[in-house]
Structures are given as C-alpha cells and as structure tokens.
1. Tally the residues that are without any contact (Cβ under 8 Å) to a residue 60 or more places away in the chain and either of a type in the set (Phe, Trp, Tyr) or within 25 Å of PRO210 (Cβ to Cβ) (or both), restricting the search to the stretch 23-64.
2. Would the stretch 83-103 turn up any residue that is more than 20 Å from GLY119 (Cα to Cα), among the hydrophobic types (A, V, I, L, M, F, W, C) and touching a His at 6+ places or on another chain (Cβ under 8 Å)?
3. Residue by residue through the stretch 207-266, note down the ones that are closer than 30 Å to ARG47 by Cβ and of a type in the set (Ser, Thr, Tyr).
4. Just to check your reading of the model, which residue among ALA245, ALA240, ALA185 is surrounded by 14 or more Cβ atoms within 10 Å (Cβ to Cβ) and either in contact with a Phe, Trp or Tyr (Cβ under 9 Å, 6 or more places away or on another chain) or under 23 Å from ARG57 (Cβ atoms) (or both)?
5. Can you tell me which residue within the stretch 218-263, out of those that are hydrophobic (A, V, I, L, M, F, W, C) and free of Cβ contacts under 8 Å to residues at least 60 places away in the same chain, is farthest from ARG67 (Cα to Cα)?
6. Does the stretch 101-117 contain any residue that is part of a loop (DSSP other than H, G, I, E, B), within 13 Å of the chain's Cα centre (by Cα), crowded, with 21+ Cβ neighbours inside 10 Å and modelled with pLDDT of 95 or more?
7. Would you check which residues across the stretch 65-100 are surrounded by fewer than 21 Cβ atoms within 10 Å (Cβ to Cβ), in a strand (DSSP E or B) and more than 15 Å from the chain's Cα centre (by Cα) and list them?
8. So ASP129 clears everything in (1) in contact (Cβ under 8 Å) with a residue 60 or more places away in the chain; (2) acidic (Asp, Glu); (3) surrounded by fewer than 16 Cβ atoms within 10 Å (Cβ to Cβ) except one condition, right? Which one?
Amino acid sequence: DALGLPQPDAAQRQALFARHAPQLLIEQRSRADRIGSPGFAGDGRRRFADIEPRLYRQLGWSRLNGRWHLQLIYQFWFAQRPAAHPLDLYAGELDGLIWRVTLDERGRALLYDSIHPCGCWHAFFLPADSPLRLRQPAQAEARSALRLDIAGGTAPSLWLRGGDHRLLWVDGRRPARPWLTYGFAALDELRSLPHPQGRRSLYDRHGLVPGSERLERWLLWPSGVRSAGAMRQWGRHATAFIGRAHFDDPDLLQQYFGFTATTAAE
C-alpha cells in the first residue's frame, strides 16, 4: 500500500494462512493439554470448549533492513496450566502459544518466533534456507535461535510438552495421520464474544484476561510489567523484564537479525 506494507487480498491471505499453518503435536498428560476456545457460558462466567479446537489468526508486519515484511500470527489456547506443585508460580487458568511466521516477498518463511500469551519464553527459529543471520554481537534474547532442517516453504510441526506446554522442538516430521485437526478463527473475535448481556471481550480494560493471574506477578512487579504471567491481548506482550521489548514492535526483529551481505546487495 502507500506505506509500503504488503497487503494480500482475501484469497492470498487464506492461501498463506493455510500454507504455513503448523502441525501441532502435544503430549497428552491431562485434559489441560487439549486446545480449545475460550468464551462465556449462559451464567456469564468464562468457559472453555475443548471440543472446538481452533487456531486464531491475525496479520502483522515487521521491518527488516528498512523493508516491510508480512507476518502470519497464529494463537491457540489451553484451559489452564496445571500446578506441578502447591507453590507453582506459573500455574493458573488459561495457557497457550502464539506462533509467528515472518515472510519474504515470495510468501516463504524467513523467520519463526513464538511466545506464550503472557509474553514469556520468546524463542526464535530460522528455516534452513533463510538468509537471515544473527546481528553481532548477538543480543542475549536471540542467542538461542535455532537453525531448522526444514525450508521456508514447508509448514512446520510444533512439539509441545504436556502440562506447562513448553515448545520443545520444531521440525518437518509428519505423522501417518493428522494428530490434531482444528478450525480457524480471527483473533479479533476474542474481543467480542457472545455473552448473556450481549457481547463482551475476553480481556479487561488493561488487555488482560481476568482470572488468569499467576503468583509470579508478586516477584516480578518491579519490572513494570502489569500482572506478569497473566494472559494478554495482542499488543500487550512485553517479552523482556529488563529493558524494553514488545512482541508486536515492528522494529524488534531487526534488532536481532539481519540479511547476509550477498542478499542485501541483491
């Protein structure tokens, strides 16, 4: 468009989301490891429907070397993160994962990264054929970036641990039959869900999900992050407790990654 932002039409958008949608392989320890859809019950209380697995989607944009790149954002939810012990600081209602695909001009993946809906555990993954490299000296947040054995045109498989839903690995392996099928929905739908009093947002006025607070907030309050560990609305994900970093900052990725000299010259 006039600002230089890639703007796919409806058909292109659907094709890109379908092409890069991840395969989810989640260890099943309990019912808390089933993905589903948050909403409201007839009495107005929040409910979670794990018989309706959905992947919520949204577009974004990031700047790399001064050029805008389209991003595909996928988010899925779990009913809770169960407590591993009575003083588990990270346990609480609702959990999930946000998976983001940054594309090149051909619609291939340049970079994958992920966080949990609280903003924690920011992880980076580079496809085998990505021209991106870590900027040197590499910042601590990106030093653990992994180079994958799959190309940027291949939809990845995400391997999650049961219980805490930690993303353990990303690769291109496929089971003989799809392990999990899901429907698609717009991430914005969560801001206007059916409610006995009409429609209501999943989030409060601060962009937090009420009732998803974690005990860790009492330890991390000096960071300035409101209710650290709580589930958050898109645009409210601080990814660092020292300094300032936000997941939706269009300049965040170019602080960590740049193109090879050959690619930049082309």
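The values are calculated or read from the model by the stated rules, or taken from the named source; none is laboratory data. Here the structure is a predicted model, which is why all the values come from computation and not from measurement. When we count neighbours, we look across all protein chains shown, and the Cβ atoms used for this are built from the backbone with ideal geometry, even at glycine.
1. Of the residues in the stretch 23-64, 10 are without any contact (Cβ under 8 Å) to a residue 60 or more places away in the chain and either of a type in the set (Phe, Trp, Tyr) or within 25 Å of PRO210 (Cβ to Cβ) (or both).
2. The answer is yes; a qualifying residue exists.
3. Listed by number, the residues that qualify are SER212, SER227, THR239.
4. ALA185
5. Looking at residues that are hydrophobic (A, V, I, L, M, F, W, C) and free of Cβ contacts under 8 Å to residues at least 60 places away in the same chain, I get TRP218.
6. Yes, the stretch 101-117 has at least one match.
7. Passing the criteria: ARG67, TRP68, GLN80, GLU93.
8. The number of the failed condition is (1).
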